[in-house]
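What follows is one structure encoded as structure tokens, with my remarks underneath.
The values are calculated or read from the model by the stated rules, or taken from the named source; none is laboratory data. Quick caveat, the model's predicted, so the values are computed rather than measured. Neighbour counts run over all protein chains shown; Cβ positions are idealised from the backbone, glycine included. Ligands, DNA and RNA are stripped out before the accessible areas are found, and what is left, the full protein with its side chains, is counted by its heavy atoms. Shrake-Rupley method; radii C 1.70, N 1.55, O 1.52, S 1.80 Å.
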Number of protein chains: 2
Amino acid sequence: MTLKRKVYLDDSEMPRQWYNLAADLPTPMLPPLGPDGKPIGPEMLAPVFPMNLIEQEVSQQRWIDIPEEILEMLSIWRSTPLVRAYGLEAALKTPARIYYKNESVSPAGSHKPNTAVAQAWYNKQFGIKKITTETGAGQWGSALAYACSLLGLECKVFMVRISFDQKPFRKLLMNTWGATCVASPSNETHAGRDILAKTPHTPGSLGIAISEAIEQAVSDATGQTRYSLGSVLNHVLLHQTIIGLEAKKQLLKFGEKKPDIVIACAGGGSNFAGIAFPFVYDKIHGADIRIIPVEPSSCPTLTRGPFMYDHGDTAKMTPLLPMHTLGHSFIPESIHAGGLRYHGIGPLVSAAYNDKLIDPISIDQLECFEAGLFFTRTEGIIPAPETNHAIAATIREAKRATEEGKEKVILFNFSGHGLMDLVGYDKYLTGKLVKHELPDKELFKYLKELEDYPKPMV
Amino acid sequence: MTLKRKVYLDDSEMPRQWYNLAADLPTPMLPPLGPDGKPIGPEMLAPVFPMNLIEQEVSQQRWIDIPEEILEMLSIWRSTPLVRAYGLEAALKTPARIYYKNESVSPAGSHKPNTAVAQAWYNKQFGIKKITTETGAGQWGSALAYACSLLGLECKVFMVRISFDQKPFRKLLMNTWGATCVASPSNETHAGRDILAKTPHTPGSLGIAISEAIEQAVSDATGQTRYSLGSVLNHVLLHQTIIGLEAKKQLLKFGEKKPDIVIACAGGGSNFAGIAFPFVYDKIHGADIRIIPVEPSSCPTLTRGPFMYDHGDTAKMTPLLPMHTLGHSFIPESIHAGGLRYHGIGPLVSAAYNDKLIDPISIDQLECFEAGLFFTRTEGIIPAPETNHAIAATIREAKRATEEGKEKVILFNFSGHGLMDLVGYDKYLTGKLVKHELPDKELFKYLKELEDYPKPMV
């Protein structure tokens, strides 16, 4: 064979530390605020998260050791392959060299297990027996169910009602790994019962599901239950940096000194941070790299949302986080990229944007599915609807390279496969998928609620 | 990390030839017979298959070169990892060392693309523009759709009506790769229309779907359409031997000189042959290896079916093949391992059994799903219902090793993932799955039809 198509790392070459961007940001991070508007201390989060993860959440340490036992579990599927997209390049007739990091090879089919396994391990170390969480489209709930299965922890997932009904296979997947999955709002919590009493036929929302999961965690009288979040927070983004750290070593094995462009889709920000932050480090230290988070145009958090203090959930149970947001009451259109339907984006990603280290763009779902189908038929693997956003941006950049006649190196994160999201492709193929641009009127509607909140000083 | 969990091969270490067991069988293979009871010549198959594949079908050459372009395509996902199942070993407290070859990492999620890509390439070389096939559960149809997408060929899949209705996602998967998938019986063929006229509400069968696919291939007046089969035939089994050839090299990298036991599920026989035949070669040359094909107890072709001449399809359109069979009219129970519901088994596998080179067993689906769930919760990956048969046999052998106190090396083929077959797990978890042993009465019922057929002389 003449083509070097993919590169793995040996177990001995695996990264042994996660990278914490907070240590290197030119502008220091702002703290989360409590209900009184004052910075919250770690102890205020103790009923929700185990203290070892809270320590990571507030850490300023640049490199954080990955415990040996977590490395052992990650090695079930890691390293993930870095793949040269020869088929895509040929079809685009581009001089760009396109590489993708294939995170879809994990047992749950996405990057999510990278942090699910780590969080489950830290919870178990802390003596926790049960973890609660919420899930929208189901990727995160599946990943946590998998991780808890590996570690012998109980797992309870509140799944947004509309997804629960539309995607019964996701629930079966969680059941197969031994987790319990209930539709949210449920009758199991005060929050759920209140909402069901008022609106018995509500489709639910991620905000409601978060409220239920947190309530069930903090109200366990034994103190042995905690809550887990699959994105947004610093420690979650930290665990994902293994993606970019691996990719760096793998690019060198392909003979590439550095990428010119790094691309990933962005919802809460953990997938983007995972591949991008190790390259943001290089950029801070002088490397010429354009780093592009890609949002859906129906939920343009970074590209159009202001930087404000806002709650992480609709029910306002979380502390105020400094982030680009569309307002915690904002309900994104029901696009198929359910993992990108979040009103805010992680504070670390927001800070990197404020420091002009990253260049976000937004793309409509029609262009994204067109790109995903093009990838499917040139590279052969079916991407998740979220991943299609990264592919659409990659195709734009590859075409630009053709126009400019430049041999650019493009790296993107193939965050997950679409084998459980084929309904979206069916709608695209049968002409039923529509564009969703967010009108200005909608953009500002929910930001009014934040007017009286403390303002971040940038 | 102290554990060496998985091993890949570099592209430079990939096998460059397929292994043809026909060259080494102690007893020579019997020929297929035509309608007149006489051996058929290659030219009689020419309307159905391209001549380059027919040449492989009848070849007695031991090693057959894999064309460079096929190697390039296979390298999209190959080598597949050979994985040490530490989690399963620990849970079983066995002294056995268990390895599995993970074929689920292919774009279509099973071993089927190994031959789909090869067959599509040979068809294209021969000037063919369109390939027709049938599919039951959908794994084969998906794999051929994928392969045709890579090579720019048209692909038409006749999918058994009951599966078409029960598994709409499989159809969407084929559509996403650009293939057309219709429910069989259809109105597009004489065979389909005849059956619909008599039984408009029939659930269909693999036999009917094969008839439709062959009819549509041979009746294309342009001569540019051929038919493709996903198992049973010699050339299909040949293409799968890359699995075992890779596994041999990978076992050496784990420091294992040879396996003591090789296990794979068996329906038409291509998955089993793929991992097993390279070790059958070693066994013929003196190695002490037990080689176990595992059938469902509801479709015990090798373990209970006699060796006879029989048709490969229900509609008797194919030549007579010398194989262990339950009779071409036999309809297996609707177990979830749809890929193992075939009345016969490949002539090469049948011949290896007659020469006492392999030791088939059959296992009921309840034990198989129990084993699959145990694997899911100890190793983390959800197996296809077919694969569960290999896992159930592996667990039996690992327990035997414990009883005997022996450090055996067990290798099994993880033929595919179960992400699109979760309904079976749901039924198992909710107690709705039942045992299916084939009663003797059923076993002999359909063999009567074969009484007047020519008898193979063994």
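Odds and ends about this structure:
- Relative packing of peptides A:341-349, B:111-119, A:216-224, B:33-41 - highest average C-beta neighbours within 10 Å first: B:111-119, A:341-349, A:216-224, B:33-41
- Considering only beta bridges that DSSP places wholly inside the protein assembly as shown, some 35 percent are antiparallel.
- What the Cβ-Cβ distance of A:SER12 and A:TRP63 gives, at R0 = 25 Å and to the nearest 0.05, is a FRET efficiency of 0.85.
- Burial annotation for the range B:167-215: residues with an accessible-area loss of at least 10 Å² between the isolated chain and the complete set of protein chains, computed on heavy atoms with a 1.4 Å probe, are B:PHE169, B:LEU172, B:LEU173, B:ASN175, B:THR176, B:TRP177, B:GLY178.
- With the simple model of a label 7 Å out from the Cα in the direction of the Cβ, B:GLU442 to A:LYS38 spans 7.4 nm.
- Percent carbon-and-sulfur accessible area, the range B:44-142, ignoring ligands, DNA and RNA, probe 1.4 Å: 55
- When B:TYR100, A:TYR428 are compared by accessible surface with a 1.4 Å probe, the order from highest to lowest is A:TYR428, B:TYR100.
- Shown for the range B:163-214: the carbon plus sulfur share of the solvent-accessible area, taken with all protein chains present and a 1.4 angstrom probe, equals 58%.
- Residue-averaged beta-carbon neighbours from other chains (10 angstrom radius) around B:70-83: 3
- Mean-position separation - Cα centroids, the range A:188-225 and the range A:1-75, in angstrom: 28
- The residues of the range B:396-447 have, on average, 52 Å² of accessible surface per residue, using a 1.4 Å probe with all protein chains present.
- Heavy-atom accessible area buried between chains B and A is around 4100 Å² (1.4 Å probe, both sides summed).
- Distances from A:ALA221 to itself in the other copies, using label points 7 Å out along the Cα-Cβ axis, amount to 8.3 nm in increasing order.
- Cysteines, chain B, no other Cys beta-carbon under 4.7 Å: B:CYS181, B:CYS265, B:CYS299, B:CYS368
- R0 of 30 Å, Cβ-Cβ distance A:ILE162-A:ALA46: FRET efficiency to nearest 0.05: 0.35
- Efficiency of FRET between B:THR199 and B:SER219 - r from beta-carbon atoms, R0 30 angstrom, step 0.05: 0.85
- Inter-copy label distances at B:PRO200, shortest first and taken from points set 7 Å along Cα to Cβ: 4.1 nm.
- J(HN,Hα) series, the range A:78-87, from Karplus relation 6.51 cos²θ - 1.76 cosθ + 1.60, nearest Hz, glycine and proline x: 9, 4, 7, x, 9, 10, 7, 8, 4, x
- Quarter of Cα convex hull surface for chain A, i.e. mean projection, nm²: 21.0
- Accessible surface area normalised per residue over the range A:83-187 is 26 Å², counting heavy atoms of protein chains with a 1.4 Å rolling probe.
- Threshold 50 Å² - residues in the range B:420-444 whose accessible area is reduced by that much or more when the chain is no longer isolated, probe 1.4 Å: B:LEU422
- Only Lys, Arg (+1) and Asp, Glu (-1) charged, at Cβ; the range A:69-188 dipole about Cα centre in debye: 240
- Euclidean distance of C-alpha centroids, the range A:385-458 and the range B:290-326, integer Å: 52
- Entries in B:LYS129/B:LYS156; A:LYS101/A:LYS253; A:LYS124/A:LYS316 that, when Cα-Cα distance is taken, lie over 18 Å: A:LYS124/A:LYS316
- Our note on the geometry: Cα centres of the range A:85-114 and the range A:342-375, 17 Å apart.
- Close amide H pairs (under 5 Å, H built 1.01 Å from N) link B:SER186 with B:GLY192, residues at least 5 positions away or on another chain.
- Only Cα pairs under 8 Å and 6+ residues apart enter the sum, and on that basis the relative contact order of chain B stands at 19 percent.
- Solvent-accessible surface of the range B:202-285, taken per residue with a 1.4 Å probe and all protein chains present: 26 Å².
- Chain A - mean residue ellipticity at 222 nm from DSSP helices (-39,500 (n - 2.57) per run, n ≥ 4, rounded to 500): -11500 deg cm²/dmol
- Shortest-first nm distances, B:PRO47 label point to equivalent points in other copies (7 Å, Cα→Cβ): 7.9
- Within the accessible area of the range B:354-453 (1.4 Å probe), percent carbon and sulfur: 49
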